[in-house]
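To start, the structure under review is shown below, and the notes come after it.
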Amino acid sequence: MAHDSSGGGGAAAHEFGGDRVAEGAGRASGPPGEPLDDPLDPGARRAIWVLGAAIGVFGVSFGVLATTAGLTVAQACAMSLLVFTGASQFAAVGVIAAGGSLGSAFGSALLLAARNAAYGVAMAPTMAGRSLGRRLLAAQIVIDESTAIATAQPGRVAREHAFWATGLAVFVCWNAGTALGAVAGDAIGDPEALGLDAAFPAGFVALVMPHLRSRRGRVAAAGGALVALVLVPLAPAGVPIVAAALAVVPAVLFTPSPSATGPPDGGGGAA
Amino acid sequence: MSWWAILGLAVAAYALKAAGLVGVGARAVEGPALRLATLLPAALLPALVVVNTLAADRRLVVDARAAGLAVAVVLAWRRAPFVLIVGLAAATTALVRAAG
């Protein structure tokens, strides 16, 4: 993972540094926050491109699925370029492939995409002071991967670098993968036979790990998983994921500040 | 799926992303709100994992995907490289599916 390249001491730096910078950004609240902190290190940049390559494989499976569902190659590619939020794309195409209505395809895709609005809020302080054009460009790459890796970084500068590097790597690889899958779908075969449907969530497991270093992160993660488990049988597709966002509230309210009680390293493991 | 549907989805998806990043001023996201917002990936990623590995439509199921998930969790916990986590999870699911 991107952050592990900083070595063992990185865990503590993320926890304590993260909160310090969060507060610093809050106070500064004005034009470009002073670059008090370090940029993203080269090891992390390499790791981000490795992540991108794996996302490219998901892109291939999306391309295959989309053309199987009846989209043309151009439509599959346009969707990845313009919609560019993987889970929503899979949901929309999956509903169409299963013979569902356009309305329900839209409904589940947009419910899933709603979390990107929350990610945008999370990234807003990092992008504060940048020009409107730059922020409008950045908006297209506000996705799971860019936000997860950015918010795991200790300082504002590293967050911004991680956001752009991850967003661009994923954008390039996801679109290249989609094109490959859409064009060569027949040669690739059934993505499920290759286990690619498990690769997507496995990538999310890896992405969440840096967030589990703090107790708050572990509470939020356990809460989010629990909300989803409870709501899957009760609510329409998409709702369990949007509702999981509420897990951040108990994580902040009932967990002491990380600077007071954070464990010295991630040894406590996966909550 | 028509071109209009794809364009509509693209506009709506972009509007959601931009609403958070551009629509909400950074000034509105300070202190406690910022702490809440930066925890969002921690809460949402596990929910996405649950929905993508343990759910089929509106039922909870344990199938070949759960085996891949178990492998991913163990490997991630042991801090394995990203590619190994993703690759072995997919391979496990593929093997369990082929065997089942």
Given the residues B:26, B:47, which is the only one that is facing chain A (nearest Cβ under 7 Å) and modelled with pLDDT under 90?
B:26
Every residue in segment A:47-69 that is over 15 Å from residue A:86 (Cα atoms) and either at pLDDT below 90 or crowded, with 23+ Cβ neighbours inside 10 Å (or both), please.
A:47, A:48, A:49, A:50, A:68, A:69
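Residue under question is residue B:19, and the condition is that it be touching a helix residue (DSSP H, G or I) at 6+ places or on another chain (Cβ under 6 Å) and closer than 23 Å to residue A:215 by Cβ; does it hold?
Criteria not met by residue B:19.
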With segment A:153-240 as the region, which helices (runs of 4 or more DSSP H) entirely inside it contain at least 2 residues that are facing chain B (nearest Cβ under 8 Å), more than 18 Å from residue A:143 (Cα to Cα) and modelled with pLDDT under 90?
A:196-208
Every residue from segment B:50-64 that is in a helix (DSSP H, G or I) and either more than 18 Å from residue A:55 (Cα to Cα) or in contact (Cβ under 8 Å) with a residue 60 or more places away in the chain (or both):
B:50, B:51, B:64
Do we find that residue A:85 is in contact with a Lys or Arg (Cβ under 8 Å, 6 or more places away or on another chain) and at pLDDT 85 or above in this structure?
yes
Determine if segment A:124-136 includes at least one residue that is without any contact (Cβ under 8 Å) to a residue 12 or more places away in the chain, at the interface with another protein chain (Cβ under 7 Å from one of its Cβ atoms), in contact with a Leu (Cβ under 8 Å, 6 or more places away or on another chain) and assigned to a helix (DSSP H, G or I).
yes
Can you name the residue in segment A:166-184 that is among the aliphatic types (A, V, I, L, M) and surrounded by 23 or more Cβ atoms within 10 Å (Cβ to Cβ) and, of all such residues, is farthest from residue B:46 (Cα to Cα)?
A:182
Among the candidates A:199, A:138, A:187, which residue alone is surrounded by fewer than 20 Cβ atoms within 10 Å (Cβ to Cβ) and among the small types (Gly, Ala, Ser)?
A:187
Has segment B:72-86 got any residue that is farther than 16 Å from residue A:223 by Cβ, in a strand (DSSP E or B) and at the interface with chain A (Cβ under 7 Å from one of its Cβ atoms)?
no
Positions within segment B:72-96 being under 17 Å from the mean Cα position of the chain (by Cα) and surrounded by fewer than 23 Cβ atoms within 10 Å (Cβ to Cβ), in sequence order
B:73, B:83, B:87
Considering each residue of segment A:136-155, count those that are more than 14 Å from residue A:84 (Cβ to Cβ) and within 18 Å of the chain's Cα centre (by Cα), and give that number.
7
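The values are calculated or read from the model by the stated rules, or taken from the named source; none is laboratory data. Computed from a predicted model, the values in this text were never measured in an experiment. FYI the Cβ positions are ideal-geometry reconstructions off the backbone, even for glycines, and counts take in every protein chain you see.
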